[in-house]
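Notes for the one structure printed next.
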Amino acid sequence: MAAAIEEFQVAGLMNARLDDIAARAGVAKGTLYLYFDGKEDLFKAAVRSLIHPLFVRMEQNVANFQGATEDLLRQAIRQMYADVASERAGRELLRLMIAEGHRMPELAQFYYDEIAARGLAMVRMIIWRGIAQGEFRRSPAAEFPHLVFAPCKMLATWQLMFGERYALEAERFAEAHAQFVLDALRAPGAGG
């Protein structure tokens, strides 16, 4: 999986070759066909190996969280930054989907179904939890949780474009983002 992720990052989705992935992994190309139907199948498996453990951990945390929803949302935002903006693999996956997803609709659909929709559902669940408990006011973010996630993707895109040249301090950016979102969602008279 690590070899596949590296090769997709280097060559892109369209140009990655199973020969190169096999060489990078130190196995024969035929070995890959024992487990995967082709390059797209291998890409999906590699992404799942990278992303699914993160979602399982986050979904368990959301389901079992006992504290204030504000703390839960702040924690979820920090985790988004750790997994998407701060980790090279997360940024590179985003880059691949932006650059090549429109040319590979099946993989774009896979990314939407297994990553984007799942992440948005989790954020929506947190927002509705806060509304139900009287901590958050009703806002467009309940319908469009994309508003909560967008700054994280913006930072990842910024880092992909500018690297260290115009670096933004990810932890401070994440904290500013969390504070901005919480100020917008907080119900009058709730926490703060």
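Key figures
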quantity: Selected residue (criterion: nearest to GLY163 (Cα to Cα)) from residues of segment 72-99 that are among the charged types (D, E, K, R) and at pLDDT 90 or above; calculated: ARG78
quantity: In segment 30-50, the residues that are under 12 Å from LEU13 (Cα atoms) and among the basic types (Lys, Arg); calculated: LYS39, LYS44
quantity: Residues of segment 159-174 classified as surrounded by 11 or more Cβ atoms within 10 Å (Cβ to Cβ) and aromatic (Phe, Trp, Tyr), total; calculated: 2
quantity: Looking only at segment 83-107, and only at residues there that are in a helix (DSSP H, G or I) and surrounded by fewer than 16 Cβ atoms within 10 Å (Cβ to Cβ), the one that is farthest from the chain's Cα centre (by Cα); calculated: ARG103
quantity: Enumeration of residues in segment 56-73 that are charged (D, E, K, R) and within 18 Å of PHE136 (Cα to Cα); calculated: GLU70, ASP71
quantity: So GLU100, is it of a type in the set (Asp, Glu) and without any contact (Cβ under 8 Å) to a residue 24 or more places away in the chain; calculated: no
quantity: Residue count, segment 6-29 (criterion: within 15 Å of ARG91 (Cα to Cα) and touching a residue at least 60 places away in the same chain (Cβ under 8 Å)); calculated: 4
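For every residue, the table says whether it meets (1) modelled with pLDDT of 90 or more; (2) within 13 Å of THR69 (Cα to Cα).
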residue	(1), (2)
ARG118	yes, no
ALA121	yes, no
GLY134	yes, yes
HIS177	yes, no
GLY192	no, yes
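The values are calculated or read from the model by the stated rules, or taken from the named source; none is laboratory data. Everything numeric here is computed off the predicted structure, so don't read it as measured data. We place every Cβ from the backbone using ideal geometry, glycine too, and count neighbours over all the protein chains shown.
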